[in-house]
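Here the structure comes first, spelled out in structure tokens, and everything after it is commentary.
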Amino acid sequence: MAIRQCALGCAAFAQLKHIYENREEIPAKLRAEGVKVIGKMGCDVPDELIIAGGMLPVQIYADPAKELKETDVYLEYAFDPMVRAQFEKIVDGTYANQIDALAISNSTDVIIRTYLYLRELHRVEPEKKVPEVEFIDWLFTRKPMHQKRNELIINIFWGAVERWAGRQVTGDQVFEASKLCNANKAALRRMQALRCEGRISGCEALVIIGAGFFMEKAKHTELVNAVADAAKEWPVIDAPKVFFTGSNQEDTSLYQKIEDAGLLVVGEDHDWGARVFDRDVNLELSPASGLVDCYMLREFSSKKAFVSQRVDALNREVKASGADGVIFYTNQYEEAASWDYPSQKESLEAAGKKTLGLFKMLWPCDKNEGLAEAFAGLAADMKGGRMNG
Amino acid sequence: MAEEKRPEKKPEGSRSSAVKKLQATAEASAYQKAWFADLKKRVEAGEDFAYLNADVPLEVLRAMDIPFVVNQWWAAICGAKRMTRKYFGLLRDAGYRDDLCSYCATAFAESLDPDDHKIDPETGKELGPWGGLPTPTIAITRLTCDCQSKIFELFAKQHGADFYVIENTVARKAPLNWFELDEDRWEELYDADRLDAAVEELKELIQFLEQKTGKKFEMDKFIEVMKLINEQEGWYKKLRDLIAECHPVPVTVVDTINAVMQAQWQRGTRWAADHAKRLYEEVKALVDKGEAAVPNEKYRLMWLGRGIWADFAFYQRFEQKYGAVFIWTMYLAMGADAYIRNHIEEDPLRALAARYIGMEDFLHMPPWNSQWYIQQAKQNDIDGVVYMVPENCMQAVEGSYFIKTALEDQGYPVLIFKADPVDERKWNAETMGGLVDEFIETRVIPNKDRKGER
């Protein structure tokens with residue numbers, strides 16, 4: 001199924017797809033015009049502040065084809081393969097030519113370690129072309145001290161943004177940037193509603209969402225709304241609906257395998273999918289409080305949450321998406337979600353959802369054998385269930 | 001059923017038990033057993049009982065007289081009792097992966113064992129390690145790892161215990177000489193806001209514990225606990241310095257690890273401080289008598305990483321063949337350098353904050369770990385470093401490249417190998433021993449010879 005002709009025939013979608021497939025194009029053009037580009041690693045770096053500073057946030061991503069010459073020197077094997085590949089581009093000088101600085105949030109252990117290693121590399125091997133790094137050290141437990149501490153943390157990052165921007169970034173500018181980002185999320189939610197109806201495929205959704213990581217927010221919003229307008233008329237995909245939980249999917253290759261097997265991915269909880277538009281900045285709060293509220297009170301991530309929180313979160317997300325089945329898929333060395341899985345599976349199956357668990361997966365996904373059969377098996381199981389049900 | 005019995009056979013490649021020479025080591029083991037038996041009685045009598053991760057500020061619970069067991073110590077006991085194979089089978093049966101987080105998942109796995117508190121009808125022996133872990137009512141960990149809090153929550157749920165987590169923050173400033181700053185000048189060592197946050201955490205923890213247990217936190221008692229810890233760790237500092245200056249050393253890591261680690265989890269008690277003193281005095285007496293752990297000591301080895309709990313004899317297998325002696329592990333040296341906090345009365349909770357927030361960083365954050373290892377290698381006149389990198393623990397991923405490079409730049413050969421500190425299924429002493437043999441022959445000996453020629 002993958003990306004359909006109806007989508008390819010939509011000019012707005014075609015633009016998004018071009019940007020998704022040519023991720024350096026817009027950042028390079030803007031840099032040439034004097035706009036600073038800030039790389040983001042981790043899912044909790046606030047776009048709003050970077051945009052308020054007149055800069056372009058872009059997501060760091062991996063190149064599956066790149067040989068890991070540098071990474072194999074510096075990183076232990078316990079780093080998951082996608083982060084290893086991201087690290088290669090940071091350390092081998094690729095990103096030194098594409099971004100002006102790198103913001104890293106403590107969204108997972110592996111990313112925290114990446115920050116520590118990059119900081120140490122700056123110290124011991126300053127000749128390496130590693131971008132300047134700033135770290136955002138959120139608290140995740142939502143205890144009483146969380147709000148106060150996190151406002152301090154966001155203000156520290158605010159200072160870094162001002163340093164990069166070479167000017168003061170005012171509260172009003174953050175407010176305006178927050179409005180811009182909220183509008184973007186609203187557009188993406190329009191898209192998501194159509195996706196849940198079956199009018200937009202999982203692959204198409206990844207393209208629509210992911211393009212936003214590499215372009216100006218206002219333009220992205222415009223294109224997403226245009227796609228949503230068009231997609232109302234796109235045919236409904238008649239396939240069992242599944243929710244995807246687990247590893248980030250930086251491209252559509254795995255979703256394509258899932259959807260080629262006769263399933264439809266209607267939602268996900270990873271950072272290259274629906275989690276991006278989970279919660280708005282509350283514009284009634286102060287700018288810093290609004291950002292803390294937005295980024296720290298989003299739905300729980302698979303990394304920084306307890307098992308019970310993850311069970312409830314997945315139940316809510318699956319219900320909201322309308323999925324009848326759930327695919328658990330985590331890459332090798334991406335272990336945390338493995339501890340959630342038995343409880344989540346039990347809870348979902350008690351609610352009548354079909355599940356498929358795939359762990360210790362090789363990356364990129366093409367390295368794995370038997371995926372098509374596994375997805376086809378789930379599809380057959382779900383179709384059987386639907387027919388019987 | 002055969003599969004429910006404790007495995008009798010030692011893992012392939014394992015040698016005989018490690019030879020321990022110190023009375024203090026035996027004394028610590030005996031004390032732990034008596035203490036554990038008493039703890040069980042207290043729990044059976046209805047007292048709250050806490051299970052803690054090692055980086056939790058246990059000083060608070062000590063001051064409040066809340067009995068607790070530390071996860072890493074208990075995992076080491078389970079590993080030493082060779083329960084891992086059984087426990088990780090139970091994890092697998094319950095739908096969990098059996099190849100993850102062995103250090104932290106051991107106690108959760110044990111909680112799935114229906115025989116943990118039973119007696120073997122044939123042998124009359126307890127089936128669980130030391131009769132099994134008593135049922136905790138509180139489980140506390142820190143968010144120093146994505147997996148750990150999940151495992152602790154599962155563990156707490158399995159036991160019906162209250163689950164409590166303490167946040168972790170990352171150092172923005174990282175002065176290289178933490179080991180010179182931490183005892184007195186911690187305001188220079190840490191970002192002030194990290195200390196502020198940690199103090200708030202401690203206040204919340206105290207509030208939680210007071211509400212849960214009905215026991216009151218008394219500052220005077222807490223200060224007493226902190227002073228006892230300084231006393232205890234002060235003896236470790238003297239001991240570490242004594243061993244460092246002795247050629248040959250009077251004791252090896254086989255004696256010091258157990259003597260120190262067991263007492264470390266009793267820190268804040270009179271017994272632990274006195275035991276540390278007796279340990280020092282016993283070793284000092286050996287030195288005064290001119291006794292050597294390995295009389296033909298030729299090469300002094302440093303062990304980086306967690307202890308090989310399932311095969312302590314491993315450390316001794318290079319002594320006769322090469323005169324290569326493992327003289328250094330973090331267990332004694334951390335006591336010497338990482339725990340002491342002076343002028344406690346000025347702000348007791350901040351002093352504790354200045355201890356516990358650094359524990360992970362000292363060991364797992366470059367450059368703090370690498371710089372400390374260099375300083376320790378120099379002080380202990382080390383000839384080679386054997387560095388065990390765990391296979392399945394992100395928390396222990398600590399910049400092995402930076403550590404290895406930093407040490408080798410200073411002239412210390414480093415062998416890195418992958419192993420698991422708890423899971424004997426992944427341990428083969430012959431293979432690992434072969435690696436160390438080769439390392440000694442091809443790098444340690446030639447390196448020392450070259451130094452001697454200069």
Inset, instruction - Rank the residues A:108, B:137 as a footprinting-exposure proxy: fewest other Cβ atoms within 10 Å of their Cβ go first. - result: B:137, A:108
Inset, instruction - Mind giving me the FRET efficiency for residue A:6 and residue A:360? R0 is 45 Å, r the Cβ-Cβ distance, nearest 0.05 is fine. - result: 0.75
Inset, instruction - Could you tell me what percent of the DSSP beta bridges with both partners in the protein assembly as shown are antiparallel, to the nearest 5? - result: 0 percent
Legend entry - Sites residue B:207 and residue B:409 - FRET efficiency at Förster radius 35 Å, r taken between beta-carbons, to 0.05: 0.15
Legend entry - Near-label residues of the stretch A:320-353 by backbone N, under 19 Å of a point 7 Å along Cα→Cβ of residue A:193: A:320-323
Inset, instruction - Choose one answer from A:216, A:233, A:132: the residue with the largest mean-square fluctuation in a GNM of chain A with alpha-carbon springs under 10 Å. - result: A:233
Inset, instruction - Calculate the length of the line joining the C-alpha centroid of the stretch B:18-64 to that of the stretch A:206-223, in whole Å. - result: 57 Å
Inset, instruction - Between residue A:380 and residue A:127, with labels modelled 7 Å along Cα→Cβ, what's the label distance in nm to one decimal, could you check? - result: 5.9 nm
Inset, instruction - For residue B:119, list long-range residues whose amide hydrogen, built 1.01 Å from N in the peptide plane, is under 5 Å from its own amide hydrogen. - result: B:127
Inset, instruction - Using +1 at the Cβ of each Lys and Arg and -1 at the Cβ of each Asp and Glu in chain A, identify which of A:115, A:87, A:384 lies farthest towards the dipole's positive end. - result: A:384
Inset, instruction - Among the trypsin sites (Lys or Arg not before Pro) in the stretch A:55-164, which ones are in a DSSP loop with at most 10 other Cβ atoms within 10 Å of the Cβ? Mind listing them? - result: A:69
Inset, instruction - Return the percentage of antiparallel bridges among DSSP beta bridges fully within the stretch A:23-169, rounded to the nearest 5 %. - result: 0 percent
Legend entry - Candidates per trypsin sites (Lys or Arg not before Pro) in the stretch A:212-241, loop by DSSP, up to 12 other Cβ within 10 Å: A:232
Legend entry - Long-range HN-HN contacts of residue B:385 with modeled amide H, under 5 Å: B:302, B:414, B:415
Inset, instruction - Report the calculated FRET efficiency for residue B:193 and residue B:218 (r = Cβ-Cβ distance, R0 = 30 Å), to the nearest 0.05. - result: 0.60
Legend entry - Value of [θ]222 nm, deg cm²/dmol, for chain A, DSSP H segments ≥ 4, -39500 (n - 2.57) each, nearest 500: -16000 deg cm²/dmol
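Using unit Cβ charges (K, R positive; D, E negative) and no other charged atoms, how large, in debye to the nearest 20, is the dipole of the protein assembly as shown about its Cα centre?
640 debye
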Inset, instruction - Evaluate the distance, in nm, between pseudo-label points positioned 7 Å from the Cα of residue B:92 and of residue A:351 along their respective Cα→Cβ axes. - result: 3.2 nm
Legend entry - Dipole axis of the protein assembly as shown (+1 Lys, Arg; -1 Asp, Glu on Cβ), positive-most option in A:220, B:24, A:283: B:24
Inset, instruction - Grab the other residues whose beta carbon is less than 15 angstrom from that of residue A:358, score K and R as +1, D and E as -1, and report the net. - result: -3
Legend entry - Label-to-label distance, nm, for residues given as residue B:130 and residue B:270 (7 Å Cα→Cβ offset): 2.2 nm
Legend entry - Straight-distance crosslink candidates among aspartates and glutamates, where the alpha carbon sits under 18 Å from residue B:451 and sequence neighbours closer than 8 are dropped: B:297, B:381, B:383, B:408, B:409, B:441
Legend entry - Signed unit charges on C-beta, dipole axis of chain B, positive-most listed residue B:419, B:66, B:52: B:419
Inset, instruction - Between the alpha-carbon centers of the stretch B:139-193 and the stretch A:319-364, tell me the distance in whole angstrom. - result: 29 Å
Legend entry - 15 Å cut-off, amide nitrogen to a point 7 angstrom out along residue A:218 Cα→Cβ, residues in the stretch A:151-188: A:173-184
Inset, instruction - Identify the trypsin sites (Lys or Arg not before Pro) of the stretch B:31-129 meeting these criteria: DSSP loop state and at most 13 other C-beta atoms within 10 Å of the C-beta. - result: B:125
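Rule-based calculations on the coordinates, nothing more; no lab input. Since this is a predicted model, take the numbers as computed values, not measurements. Every residue, glycine among them, receives a Cβ derived from its backbone with ideal geometry; neighbour counts consider all protein chains shown.
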